[in-house]
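First up is the structure itself, then whatever we jot down about it.
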Amino acid sequence: MYSFRYHRAASIEEAKELHTTSDEGAYLAGGMTLIPTLKQRLADVDDVIDLGGIESLKGVMTSGTSMKVGGMAVHNEVAANATIDALRHLASGIGDPQVRNRGTIGGSIANNDPAADYPAAVLGLNATIHTNGRTIGADDFFTGMFDTALGDSEIVTAVEFPMPSRAAYIKFPNPASRYAVVGVMVSETNGNVRVAVTGAGTCVFRASAMEEALTNEFAAESISGISIDSSSFNSDIHASAEYRAHLVGVMAQRAVSQIS
Amino acid sequence: MATETGIGASVRRTEDARFITGTGRYTDDINVPGQTYCVFVRSTHARAKIKSIDTSDALSTPGVVAAFVGADLAKDEIGDLPCGWLVKSKDGSDMIAPPHPPIATERVNYVGEPYALVIGETVQAAKDGAEAIVAEFEIQTPVMDVASATQSEQIHESVPSNRSYDWELGDKAATDAAFEDAAHVTSLDIVNNRLIPNAIEPRAALGSFDAASETYTLHTTSQNPHLERLVLAAFVNIAPEAKLHVVSPDVGGGFGSKIFVYAEETAVIWASAKVGRPVKWTADRVESFLSDAHGRDHVTHAELALSEEGDFLGLRVKTTANMGAYLSTFASSVPTYLYGTLMAGQYKTPAIYVEVQAVFTNTAPVDAYRGAGRPEATYVVERLVETAARELNTDVAELRRRNFINPEDFPYETPVALTYDTGNYAASLDKALEYANYSGFASRKARSEADGKRRGLGFSCYIEACGLAPSQVALSLGAGVGLFESAEVRVDVTGSVTVMTGAHSHGQGHETTFAQLVSDKLGIPFENVSVVHGDTRRSDYGLGTYGSRSIAVGGSAISKATDKIVTKAKKIAAHMLDSEEDQVSFDDGIFTIPDSNESLTFGEVAFSAYVPGNFPLDELEPGLSEKAFYDPANFTYPAGTHICEVEIDSETGTTSIVSFVAVDDFGNVINPMIVEGQVHGGLAQGIGQALLEHGIYDSDGQLVSGSYMDYTMPRADDLPDFVVDTTSTPCTHNPLGVKGCGEAGAIGATAAVMNAITDALGVKDLPMPATSETVWRAIQGG
Amino acid sequence: MVDVTFSVNGKEHSLSVNDNALLSETLRESLNLTGTHIGCDTSQCGSCTVHLDGKAVKACTVLTAQAAGSEVTTIEGIGEPGSLHPMQEAFNEHHALQCGFCTPGMIMAAIGLVNESESLDGDGVRKGLDGNFCRCTGYHNIVKAVLSAQQNM
């Protein structure tokens, strides 16, 4: 690891101040991506600003129509306390138990790894991202590979999920890393169907043809014939683009079957 | 003596006490005053000429103590890393071993090859220094494809066609004739995938030099510290053996990868004298992936000739083995004497001919990995046999049974240079069939199909040659060292016993098994026996642990030394009882004179040995300590049947192992619990090869599967509960009747899994690992 | 440097460590608790698993500074010969270790798993040990040991 200054911010304001005044600052949430990256000297930062001491970023709360997850809520907390079953299931399948005790939803979506699980939840459940300055709709948040709408010093303070009438997440895990080769979140909320796909492309995306078909009839058969364009899909030693496209169909159908 | 701690008892391991409490002592746990830290600068190019290396910026980096390049070692006449087994080509010429300087001097030949080292006050400082090294390279096109390596650009000046050797074994004419007479020929083109060993403890070395005594001390993660010392002394020129002290403390798994003498410990021990301070290096996992010797990596065409009735008539095998960029310590022996010689398997195939060419590519060196050659051989034979049975519409078990070497055929001389001493292959097969509920398979398959899934069953009736090795045989075949084992049994004044062994335990449980053996033979409490290993100053020259040799060779040496103790103790007892040596009998720790009331305990005799008040010193020396060297008369031949049942998700191609049965014949067993554990671990590695693991380089020579993000390590939920049992035909030529069990799982499992998957899919072959996509594509019909 | 006060195995420590020191490094090098092992760089092998405020975490992926004010428990803190933790006892009884390198992390992960679970079956144990690699045992006996230990915890 290159050397850096460590700061433990006591408040969101202090964290932002530290980040703004640093030449090269990095927020530290759970550290599940940042710390391995620093360890391998793949990143060189001046200041690491730990958000772990900010109480207001923690916790999972449910009101009548939505569930709000603090930016620093760890995966195991969501796996235990989320009132949306699909979200609980998704969180319980991220990484491994030790990772789930440290990794956070804010850190995950701010990093926007193309194979991460949470982006599928945020997009597939049409969540609203609260930051220390604004709210961002899910459709506007994920802008590309490892890229989001977050500004330079912006912090994800919470993610608010509207309660769906039904939702399911099915993932085909990478056998080595246990990230998603393909993960599909299917949901219906107030009659609106969403199908969000992670792992397959360079960034989480909505499968609009599937959404339309499911809006017409919410059944696995409705989407069985839909072919997925794999031209921009990831291809690696674990799965070709073509196989990923196939898996999108299989995972989506399995998700639909689970809730129809 | 059948007791709770004697031979045959599942005694809980004594070494566990430190491991479960975190008080084991691995190389990286050891720190010495004044210690510095070494970081290696490794090539990011697969093939390049080194134009220049500038260390000046590194040297001026804060905290950097020293920086060295290959030329610095060469100046001190540090020798190349040798390959210790000379294989000869068909034409009688010697294999070609290209120069292998520990630190590259003129060229780098694989990604990860070290070309400089930086020593710092801290790891961070050394890393900073390493980043400040400026090297210029002339990049060349790497040779990456095994199959076409001989037609590719020449990697080493001394190696035309990138071929180290072109070896053969068996009778070509007889085999060709057998094929001419055959009613049926089954042929397969097989790739045995490259594996990366991945002991969970990364390699490490801590070298120090004592100027006053001119003595070097090396703590390192070695499976065979004496061999490490021998190579560093005799070939690398560090110092005479007497001035080199090598210690392998607790070692966190080896699986072959820690047999070899590597660049890193060589450079570290040399550098400790250069900088006058201890130097420590611990690999990170990326370095382990890049620089541990890899395993397997064969491309093979194989054919089996059968008669109308299903008798095996001949076997023809042609293999190209990837050696990587250099010949590692034992690399040359793996695809030859540990591979070609196993092609008879469990069968009476009368004519066998094997050709192996070993080629260089711009990849990490390939050497022995758990099973070493024998898994590859088993894969060839057992994939062929299963395929032949399917082609002939014969029951796969019955075709095997028909061709088995039967109990009455032993000793059995194979057409490929081995003489099997004993075995009962049908016994293992029968037992395994029962466990696997073979007769119920059809209904299980029907149930899976009703669920839209595929189900398959696969067999592997493997044999291995273990207990490496009879020195006479090994030396005549080109080995550079004998392969005996040493032991010393020291009886203490109070009758407790310390056993020194040249074998090394890095998970095998020697401290328990060897203590069981000695306590059983001497009739003393198990707790009173301590086993010492892994230190060249504490035990006699030994050869270490690999090739399932520790109990068969090391244990036999201990047995022999213990027999000598009994002989000497009888002499002492005779003197004490005023009798004759041949009148004394010894049983269960008591010396008696038959037909008398007189007896002595082992402790009384031991005490007397060290308090020799009235010994007739010209006839009877004081003391009770004996050494033995045991050189086996033959290899041992563990064998067995593995049966794997898989279920495949037709939509995703994902394979689940629903049942795995292993019935192995290890001869006599000292500690069944430990033996079962060895089988479990081997199975996991064999299954890992079939389903998950793959060392992949891209066409530029970059290791794509170079971290746990991409190299699929078997996890708990990738594997089933195993059904493991044994049969026994004791080895006929060692005193314990044991055969060795360390590699069996890895040798047998892979073929069983792939036979099951190809059965489920109805395809002839499938490349390994059978990843979900590979299987899915097969289901799609290509 | 940062000043860190935390409790390790029930004992309070105040240390001045590098800002970038990892918890695994501090445990091994500053506190000489070498039972916490390092087996990889990517936070996967789990050999470094310890408990941080009662939860299993990978000490190689936690900065020491992050552990300030916390309670850390390592393999050295759960039991010793004569008074072993039930999980340690079960690992020995069921031969759930061979080379011993992954063992401390495996035991700490297994204790965390049992503590967090109502009751586990074999599949639950296998799934719950996803964060830990063992190259020696094939996991068979580890599963047996964890199932057995949960009866005594």
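Just so it is clear, none of the values below were taken in a lab; they were calculated from the coordinates. Predicted model, so just to flag it, every value in this text is computed and none were measured. Neighbour counts run over all protein chains shown; Cβ positions are idealised from the backbone, glycine included.
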Mean Kyte-Doolittle of at least 0.0 plus a Cα span of 15 Å or more along the axis: flag which DSSP H helices in chain B meet both, please.
B:263-275, B:672-691, B:744-761
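Take every residue in peptide B:714-727, count the Cβ atoms of other chains within 10 Å of its Cβ, and give the average of those counts. Walk me through the numbers before you get to the answer.
Values: counts 6, 15, 20, 11, 4, 5, 5, 7, 4, 1, 2, 0, 0, 0.
So the per-residue partner count for this stretch is 6.
222 nm [θ] for chain B, helices only, -39500 (n - 2.57) per DSSP H run of 4+, per residue, to 500?
Here the helix-only value at 222 nm equals -8000 deg cm²/dmol.
Hey, fewest Cβ within 10 Å first, where do B:I648, B:I119 land in order? Kindly include the intermediate steps, with their values, before the conclusion.
Details: B:I648 25, B:I119 28.
Lowest to highest Cβ neighbour count: B:I648, B:I119.
List the DSSP H helices in chain C whose Cα atoms stretch 18 Å or more along the helix axis and whose mean Kyte-Doolittle hydropathy is at least -0.5. Numbers along the way, then the final one.
Details: long enough: C:103-116 (19 Å, 1.02).
Those that clear 18 Å and a mean of -0.5 are C:103-116.
Count the net charge of all other residues whose Cβ sits under 14 Å from the Cβ of A:G59, scoring Lys and Arg as +1 and Asp and Glu as -1.
Numbers: positive: A:K58, A:K68; negative: A:E55, A:E77, A:E160.
Its environment carries a net charge of -1.
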With label points built 7 Å along Cα→Cβ from the Cα atoms of A:S66 and A:A43, find their separation and express it in nm.
2.8
Assign one of three labels to the stretch A:5-50, namely rounded, prolate or oblate, based on the Cα gyration tensor with a ≥ b ≥ c the square roots of its eigenvalues; rounded applies when a/c is under 1.5, prolate when it is not and a/b is larger than b/c, and oblate otherwise.
oblate
Can you give me the relative contact order of the stretch A:57-162 as a percent, contacts being Cα pairs under 8 Å and 6 or more apart?
29
Just to confirm my numbers, what's the Cα centroid distance between the stretch B:475-503 and the stretch B:27-106 in Å?
33
Given the peptides C:19-27, C:98-106, arrange them by the average over their residues of other C-beta atoms within 10 Å, most packed first.
C:98-106, C:19-27
Return the long-range amide H neighbours of B:Y347 (sequence gap of 5 or more, or a different chain), with a cut-off of under 5 Å between placed amide H atoms.
B:I405
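Would you mind classifying chain B by shape? Square roots of the alpha carbon gyration tensor eigenvalues, ordered a ≥ b ≥ c; an a/c under 1.5 is rounded, otherwise it is prolate if a/b is larger than b/c and oblate if not.
On the way: a/c = 1.78, a/b = 1.08, b/c = 1.65.
Oblate, because a/c is 1.5 or more while a/b does not exceed b/c.
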Counting Lys +1, Arg +1, Asp -1, Glu -1, what net charge surrounds A:Y27 among other residues with beta carbon under 10 Å of its beta carbon?
-2
Charge-dipole axis of the protein assembly as shown as Lys and Arg at +1 and Asp and Glu at -1 on Cβ define it, positive-most pick from B:H506, B:A351, B:G677
B:G677
Mind running the shape call on the stretch B:237-328? Use the C-alpha gyration tensor, a ≥ b ≥ c as the square roots of the eigenvalues: rounded below 1.5 for a/c, prolate if a/b tops b/c, oblate otherwise.
prolate
Between B:L620 and B:D587, what is the FRET efficiency for a Förster distance of 22 Å, r being their Cβ-Cβ separation, to the nearest 0.05?
0.50
Give B:K88/B:K560; A:K39/C:K144; B:K243/B:K274 a once-over and call out the pairs whose C-alpha atoms are over 26 Å from each other.
B:K88/B:K560; A:K39/C:K144
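Going by how many other Cβ atoms sit within 10 Å of their own, how do B:H184, B:H219, B:H156 line up, fewest first? Walk me through the intermediate numbers first.
Numbers: B:H184 14, B:H219 29, B:H156 18.
Ranking B:H184, B:H219, B:H156 by Cβ neighbours within 10 Å, fewest first, gives B:H184, B:H156, B:H219.
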Roughly speaking, what is the centre-to-centre gap between the stretch A:223-246 and the stretch C:3-39 when only Cα atoms are used, to the nearest Å?
46
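Say R0 is 60 Å: what FRET efficiency, to the nearest 0.05, do B:V658 and B:A212 get from their beta-carbon distance? Numbers along the way, then the final one.
Values: r = 64 Å, r/R0 = 1.07.
About 0.40, to the nearest 0.05.
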Order by neighbour count: B:S148, A:S232, fewest other Cβ atoms within 10 Å first, most last.
A:S232, B:S148
Bridge orientation stat for chain B from DSSP, antiparallel percent rounded to 5, came to 80
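State the antiparallel share, in %, of DSSP beta bridges confined to the protein assembly as shown, rounding to the nearest 5.
Of those bridges, close to 80 percent are antiparallel.
Subtract the Cα-Cα distance of A:E242 and A:E221 from 0.36 nm times their separation in residues, and report this length gain in nm to one decimal. Intermediate values should be presented prior to the final figure.
On the way: separation 21, 0.36 × 21 = 7.56 nm, distance 2.08 nm.
Full-extension gain reported as 5.5 nm.
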For the stretch B:11-54, alpha-carbon Rg and Dmax in angstrom:
20.2, 59
Aspartates and glutamates whose Cα lies under 13 Å from that of B:K431, excluding same-chain neighbours fewer than 8 positions away
B:D664, B:D665, B:D725
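Quick one: of B:K521/B:K564; A:K16/A:K58; A:K58/C:K11; C:K58/C:K127, which pairs are farther than 19 Å apart, Cα to Cα?
Details: B:K521/B:K564 11 Å; A:K16/A:K58 17 Å; A:K58/C:K11 28 Å; C:K58/C:K127 17 Å.
From B:K521/B:K564; A:K16/A:K58; A:K58/C:K11; C:K58/C:K127, over 19 Å: A:K58/C:K11.
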Separation of alpha-carbon centers, the stretch A:99-164 and the stretch B:229-256, rounded to whole Å
54
